[in-house]
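Bear in mind that the values in this text are calculations on the coordinates, not laboratory data. None of these values were measured; they are calculated from a predicted model.
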Amino acid sequence: MVSGQAIATIVVFIVSIIFVIYPYSFVLPLPRFLPYVGGRRPRIHINLTTAPIIAILVLWAAQCLGPTQIRDGIVGTDNVKPYNILILFFSLAYMAITLDITGILQAAAFWVSNKGGNAGWKLFLYFYIMLTVLSVVLGNDPVILSGTAFLVYYTNVNNLNPDAWLISEFAAANTASMVLFLGNPTNVVICEGFRVNNAAFTAYTILPFVACSVTSFIALFLQFWAADVGRIKSKLSSIGRKRAISDSEPDQVEPKGVSTAVNGKYSSQAPPQQPNHAAKYLPRRLNVSGDLDWRSVLLDPTGAWVGSLLLGSCLVVIIVVSFFHVDVWKITLPFAVAKFIYDIGWDWTRFGRFAWRNEPYPSTYRVPGDKAVLEDTLKELEAHRGHAQVDEEGEVIEDDVEDGAQKTNGDASKKVRIMDEKAGSTDALPTPVSLVSPPNPISDDLLPDDGSEDFSRRRAQHERRKATEKTLVGMDSDLAKKIASSSSTPTPESDESASRSTRDVATPPGFIRPISNLFDAVGRFVRRHFPTLHTAFPRLPFALVPFAFSQFILIEALSNQGWIDIFAVWLVRATHHFDLFATIWVVGVLGVILCNISGTNIGATILLTKVVRAAALGSAGQAAAASAISPVNMDAFLRASAIALAVASNIGAVSFTFSASLAGLLWRQILEQKGIHIKQRTFAFWNMLPLLVMTAVGLGVVCAEMAVLY
């Protein structure tokens, strides 16, 4: 019989999940005369970080859980140790993020772009392969952090529709994270909960990964290609209707002050907003010329070598010691500490000694996290853009571009880089206009109406370039002028002026001001002396700590109230008393669904791991096994459930809601910061076909594997 406390527990658990999926915030109704930080009343946020904690406090106050469940949620039960998972994940995340800070992922993207050239379809494939390979080794979070920002700038500069490239990047990164057990926190939960050897986990998931990755790319390519074909047909039919109407109607005199793009006349209407969603998703040819200098974005070659060596050695040692049943965090933590010590020493060698003496950095130094690094990347991408004519859909329409012009452009860009290096161009930041303007900028008064048919197209393209200035750089003109007139290299004077301007905007109350000043001073010190640490630590997923512990505690509360046993009975019935193939499909499909409705794939994995173990080892499972007609192989049931859940928890991130994974929330946040807003229904629409195909193919491969093994 279900008690009132059990009902209250499941209701509070569901409500917390709703707030994880749909965050909510409100202003705390306090008197206005009280001193507030920033002069505003505090705002309470109920989201992924706070909602599970509030749920725990409510259940504790209602005596639906006690100290025992809280302890079990932190220390762990049934061989699942939450602290082990978090230490492992943060150790690897730190090594991967600091490796990304060296610029190695950007360099790889530039190199792949050069290999793809101006062939749009080929470049789409090459980027997909690159993101897949990097995600296998580094995990999905570092790749999404770096790859998303690069693709935003790349698609903006080259006038591409970003939807196809960004959706494909997200699918590639999350699908590839199923290969290694440390590619995703859910993999660690599965290995710990089902006692799967780390090397064996990779052996089981490599074939489903290959099948899912290949079919996902095919599905993505076909649906974006079909969308382009549909757009072309719709455009042709609309042009035919317009011609029929224009032939049947007499010419009309346009009012003054209004001009259109008919008959080659320039349209005074506002240019389309960037990014260019009117462009083709996958154009056959891109308007690019020359090669990108991948060495220009490799900020720290020495750090890249050391970071790659440490991360690779850590992965090899983990696989070797997994046969000796050693806790994985005992391996990853020493490697992360070694990388941390190296970063401190290397930063001090390069930057700290200059900062200690209040001296500017040498002009050849590339500071991680500095605006000049981003602007150099944008400058390189802008120089990479070609001079061919493109239509509104981003398709190259003029094939008579002289090879000599392309060569001249490439040589000129190389000369600019050489001159900048010799002259120390990092001493002053260029203005955003110089970064995003074409190689031969043309002012408005130098665009006369020559009566040519492509005049309006060229003028619209020029206006689009001007419209991208704010989007690419992400700052207004006043701020750009301030930055352009200041030094890109941080100095104590610039730090003090920045802190003064910050204090002028929002001055904290008197009793908080000393603490605020102390934090500001510490931040300036770390930024000047240890820029790698200053850039890496904010990128670590600290929100995962309270969320993961809270999920474990809430699952323990459900178990304490008997819900896990109830779910286990339902699972036994749904799988026809541990039928192998029914188990794979039920656990797999249920895992994909729960990723969307249970507060990220981490919560879904923790819940299903508990339920499957209770079904196999609990009283319900033992009774079902005893009453079964044929003998039940519990090892096969557990192993099939583990691999099916591994596939589902990774491809489930490529799903209908952003909150299906922490990577999805991070991905959306990066896009919003870059000015790209992808709606929830758009995200679900483009992911629907790849998710259905990957679910069917991936679980089918798991069935084949289990049929061979058992």
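Can you tell me the length gained on complete extension of the stretch Y22 to K330, counting 0.36 nm per residue apart and subtracting the Cα distance?
Extra length from Y22 to K330 when fully extended: 107.2 nm.
Take the stretch 1-65, drop everything but the C-alpha atoms, weight them equally and run the Debye formula without solvent; then report log10 I(q)/I(0) at 0.11, 0.24 Å⁻¹ to two decimals.
For the stretch 1-65, the Cα-only Debye profile gives -0.37, -0.95.
Would you mind checking K115/K339; K122/K280; K81/K610 for any pair whose Cα atoms are more than 22 angstrom apart?
K115/K339
Please work out whether the stretch 26-126 counts as rounded, prolate or oblate from its C-alpha gyration tensor, where a ≥ b ≥ c are the square roots of the eigenvalues and a/c under 1.5 means rounded, while otherwise a/b larger than b/c means prolate and anything else oblate?
oblate
Mind pulling the per residue volume of the convex hull built on the Cα atoms of the stretch 635-695? Å³ is fine.
72
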